[in-house]
Amino acid sequence: MRWALRIFGIVVGILALAVVGLAGWIVIARQDALQLVSAAAAKTVCWNVFMAGRDADAIVQADLVAVEHPIFRWVKIDVNAADHRVDAGFFGLIAERHAQYVEGRGCTNVQNDQSWKRPAAQPLPRAASADALWPAGEKVELSENTRLQSAVNDPALQGPGMRAILVVHDGRIVAEAYGPGFTAATPLQGWSMTKSVTAALVGMAIRDGKLSLDRKHLFPQWAGDGRSEISIADLMAMTGGLKWSEDQGRITDPGRMEYLVRDTAAFARDLPLDTPPGTRFNYSSAQSVLLTRLWQDAVGEGAPSYPRERLFNPLGMTSAVLEADEAGTFRGEGFLFATARDWARFSEFLRLGGEWNGQQLLPPGFVDYMRSPSPVSDEGHGPVYGRGQIWLAKGQGFDLPADTVMMQGHLRQVIAIIPSRKLVILRMGLTREDIGFSNAKLLRAIVAAGF
């Protein structure tokens with residue numbers, strides 16, 4: 001009996017050592033992965049709680065565990081409502097990270113509170129009048145087109161995780177639908193749709209005489225190597241040639257840049273050259289971050305208020321918040337938050353060629369430049385990308401009018417802009433990209449409803 005107990009004790013001891021060793025290996029060797037998950041959890045909960053007014057537990061389950069990865073179920077979340085801060089860590093002990101909310105500035109992942117210069121609050125302007133018709137106000141008169149309304153409200157076309165669908169025709173909202181718990185007042189993250197907003201801000205800096213598309217020698221750190229030949233135009237068209245993979249996952253280039261470094265622009269700037277500038281299309285969030293840093297440096301002292309003063313306020317995008325990293329670079333690759341109606345205002349602005357209320361805010365012809373095809377982005381069906389941070393529907397194989405351009409983002413965000421039909425179609429949500437759902441049928445059904 002004693003012999004059996006001794007053997008049992010040895011086995012238990014070996015198993016315990018194995019568990020401790022495995023845990024130690026995970027904490028030490030996979031620290032980056034754990035830090036990334038904690039940082040993503042803190043930031044996601046932060047903006048959803050303090051900007052969208054949602055419940056923290058519901059966010060973890062609906063937005064993180066169910067959509068992103070089951071590993072988030074092991075992350076303990078602590079929301080400090082008084083300090084507008086969210087802390088996250090595995091079991092509340094391992095790989096702790098936090099995100100800090102500042103009014104009008106959104107949420108920032110902060111690694112070093114002592115070195116972070118917290119930006120001043122930027123209160124959002126008063127919402128548009130409820131009595132004036134959109135886009136001047138928030139009043140909406142929906143179309144009586146039954147085919148349109150049936151398409152917008154069809155669950156199969158909406159897809160799982162739909163949070164907003166909105167259709168604008170000839171400057172008026174004619175259809176809209178929202179997922180459970182979401183309304184016209186809920187801000188939504190556009191993910192990579194933000195890149196088109198970055199292009200517009202670059203255009204405004206060009207109009208101000210601060211930048212030019214042919215400018216090269218963009219960073220001192222690039223002097224003396226091939227990166228010095230990268231131009232603003234190359235970055236706009238995703239042909240800068242920097243080594244990058246946009247693959248989504250845990251420890252990937254986007255994950256590292258967005259959650260593991262405090263200075264995203266420095267991370268992107270220090271990437272090595274992979275191909276000669278202008279010769280190959282490589283969709284890269286890093287290039288959008290570099291464009292953001294460049295327009296901010298060009299604008300100078302007024303950069304923190306530039307997006308609101310020059311773009312959001314003139315368009316009436318009163319909900320729009322463009323977040324920044326710890327070093328102060330706006331997250332121009334994917335972190336603009338706005339209501340569906342405000343995203344539609346920006347899209348209508350592009351449909352109108354950069355004009356709003358009779359005022360040309362972008363350089364004449366700049367939007368045409370944005371949507372002009374980048375020849376090296378041809379993947380067999382024609383170019384898939386324009387010269388200015390925007391997708392081309394025809395090259396991607398969408399059965400839509402030939403002039404359709406698209407803003408697209410992670411988790412099936414899409415806005416289709418169809419100038420020939422005076423049409424803007426928006427669909428936003430959190431839809432996993434491995435389940436085979438496509439927005440194509442929804443877009444086509446809306447166009448076919450009579451536009």
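The values are calculated or read from the model by the stated rules, or taken from the named source; none is laboratory data. Keep in mind it's a predicted model, so treat the numbers as computed, not measured. Positions of Cβ are generated from backbone atoms using ideal geometry, with glycine treated the same way; all protein chains shown enter the neighbour counts. Keep in mind that these areas ignore ligands, DNA and RNA; they rest on the heavy atoms of the full protein, side chains included. Shrake-Rupley method; radii C 1.70, N 1.55, O 1.52, S 1.80 Å.
Ordered by solvent-accessible area of protein heavy atoms (1.4 Å probe), largest first, the residues Thr318, Thr239, Thr279 come out as Thr279, Thr318, Thr239. For region 319-450, the fraction of 1.4 Å probe accessible surface lying on carbon and sulfur atoms is 48 percent.
The heavy atoms of Tyr178 offer some 60 square angstrom of accessible surface to a 1.4 angstrom probe.
Ligands, DNA and RNA are left out, and with a 1.4 angstrom probe the accessible area of the chain is 42 Å² per residue. Here the chain is treated with +1 on each Lys and Arg Cβ and -1 on each Asp and Glu Cβ, and its dipole about the Cα centre works out to around 400 debye. Kindly flag which residue pairs out of Lys195/Lys394; Lys117/Lys216; Lys139/Lys422; Lys210/Lys422; Lys117/Lys195; Lys43/Lys117 have an alpha-carbon separation exceeding 27 Å in this structure. With Cα atoms farther than 27 Å apart: Lys117/Lys216; Lys210/Lys422. Here the contact order of the chain, divided by its residue count and restricted to Cα pairs under 8 Å and six or more residues apart, works out to 16 percent. Taking every alpha-carbon pair within region 347-392, the share separated by more than 12 Å comes to 60 percent.
Shape annotation for region 160-222: C-alpha extents along the principal axes are 50, 30, 18 Å, from largest to smallest. One equal scatterer on each Cα of the chain, no solvent, Debye formula: the resulting log10 I(q)/I(0) at q = 0.06, 0.08, 0.10, 0.11 Å⁻¹ is -0.27, -0.47, -0.72, -0.87.
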